[in-house]
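To keep things clear, I will list the structure first and then write my remarks on it.
Please treat every number below as a calculation from the coordinates, not as lab data. Given the structure is predicted, the values throughout are model-derived calculations rather than measurements. Ideal geometry is used to build each Cβ from the backbone, glycine not excepted, and the neighbour counts take in all protein chains shown.
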Amino acid sequence: MLQIGADTTDITPPVGIWQAGFSSREEPSQGIHIPLYSRAFVFTDGKRCTALSTNDLVGLSRPEILKIRKAAAAQCEGLDESDIMIACTHTHGGPAVSTYLRGQAKDFHYIQRLCGMIADTISEAHKSVQPASPYCAATEVEGFNHNRRNDKQYCDKRLAWLEAKNEAGDLIAGIVNFTAHPTMLTGENYLISGDYAGVLAQELERQLSAPVGMINGCHGNINACPRAHTDYALVEDHGRRLAAETLKLRDALQAVDADRVEVRSRIVELTFGPPRPKALYEQLAADEDQPDFVRDWARDVMEKYPGDPVDGTEQGEVMVISMGPVAIVGIPGHVFAEIGRDIIAALPEKCVFIANHANDYLGYFGTRQGHEEGGYEVEFAYRFNSSFRWALDADTTYRIQDAAIALSE
Ligand SMILES: [Zn+2]
């Protein structure tokens, strides 16, 4: 029988910290809409032990991930650093914590404290393991998200749920998986918030009296809808309605036949498209209407032109936690929804959960079609949310997809 443990910690930053997700913000945070949480789930079969950490944050960069893993593993006997998956919901209402973000004021004192809190949450979950049985279910729900690039293109409507009950039959942990940018609250919002994803997890925790983590699927081109701007009641309603759909799913739970825990990872090489003509960077660097971080980025590219797309070798880690038919896939950025659809379709025997922004914060992984069409995700976002000089190519995306499928089989 598996042993499972879970824990929740409040990681709400101090008011006055800068929020991340919208470069248009001109002031630091002014208050709190809802608290932010880190949750941890530990699964062990007595031999192999693994942890999944879910966080109400925009995304954590690799150096912080490695620190957290190291600190957590040091506190947890039998848990290897490399068997810890750390994922973020990608809320755009939380603090600036990715150290890759250009032009963004960061509170390094908070980031350091945060790493400790996330590691401690994993440790608490590890201490709480008890014999438990997992159950899962999945459905599709309408009216919660849309394809933000083109409403006629694919949108992932899947809502999936994984829970664990102890031998007394009490629920001890839940993981909800839905696909949509937590960007109902926009750049005009100056209150710390987990957006709809935060409300969803908190509402489920309130109703089920157990830690519940939210993992966000392949949401590179998917937004929650409608936009709420600063209508907090609308965000709360959205999260609660999605929680109600999740609770309905519990009528269709299937027992997960699993007595072993497996963890597999693959380091995927990131490759880049060609640099753009030098004149473009010169023009951007000189354009006073561009934000400072774009001009700095353009200057950096120009100075080294054509040079390399990034300093050092750039890699991404794809990780899969498997328990019988359940596969929890971690991807180090956000991927277009079509890729998530194809991963799930390639694994018909599995109940698949996908966590984007897991173990790194590498930006967007677009489909081939998305790269051909261009747009914000594939042409612009990396200029401020990564250390890349050029944009990633589409081949990288399919390397990630192949890894996710191969590691889940
Ligand atoms: Zn995003």
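Data overview
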item	result
Lys, Arg +1 and Asp, Glu -1 on Cβ, resulting dipole of the range 351-392 about Cα centre, debye, nearest 20	140 debye
Where only C-alpha atoms are counted, convex hull volume of the range 25-128 per residue in Å³	96 Å³
Under 30 Å from the Cα of LYS157 - lysines, other chains or at least 8 residues apart	LYS165, LYS248, LYS350
Equivalent-ellipsoid semi-axes of the range 195-305, from the Cα gyration tensor, Å, largest first	43, 24, 11
Antiparallel bridges, percent of DSSP beta bridges restricted to the chain (to nearest 5)	70 percent
Contact order relative to length of the chain, as percent, for alpha carbon pairs under 8 angstrom and 6 or more apart	19 percent
Compactness of the chain, expressed as Rg and Dmax over alpha-carbon positions, Å	20.1, 68
Radius 9 Å from Cβ of ALA132, net charge of other residues (Lys, Arg +1; Asp, Glu -1)	0
Local electrostatic count at GLY370 - Lys and Arg +1, Asp and Glu -1, tallied over other residues with Cβ under 11 Å	-3
Net charge over other residues, Cβ less than 10 angstrom from the Cβ of PRO35 (K, R count +1; D, E count -1)	-2
Choice from GLY46, GLY316, GLY363 with maximal GNM fluctuation in the chain (Cα, 10 Å cutoff)	GLY46
Projected area averaged over orientations for the range 170-238, convex hull of C-alpha atoms, nm²	4.8 nm²
Net charge dipole size for the chain [Lys, Arg +1 and Asp, Glu -1 on Cβ; Debye, nearest 20]	220 debye
Positive-pole candidate from PRO274, PHE108, ASN166, dipole of the chain, charges at beta carbon	ASN166
FRET efficiency, GLU349 to LEU253 (Cβ-Cβ, R0 22 Å, nearest 0.05)	0.75
Euclidean distance of C-alpha centroids, the range 191-256 and the range 148-174, integer Å	9 Å
Relative contact order [Cα under 8 Å, 6+ residues apart], the range 268-409, whole percent	31 percent
Span-rule helices in the chain, defined as complete DSSP H runs reaching 27 Å or more along the axis (Cα) with Kyte mean at least -1.0	108-127
Fraction of beta bridges assigned by DSSP in the range 259-387 that are antiparallel (%, nearest 5)	65 percent
Of the GluC sites (Glu not before Pro) in the range 173-227, those whose Cβ has at most 16 other Cβ within 10 Å and which sit in DSSP loop	GLU188
Ranked packing of 302-309, 116-123, most packed first, by mean Cβ within 10 Å	116-123, 302-309
Two-decimal Rg to Rh for the range 283-409 - Kirkwood Rh, Cα set	1.06
Distance between the range 343-409 and the range 1-61 - C-alpha centres, whole angstrom	22 Å
Beta bridge orientation in the range 154-266: antiparallel %, DSSP, nearest 5	45 percent
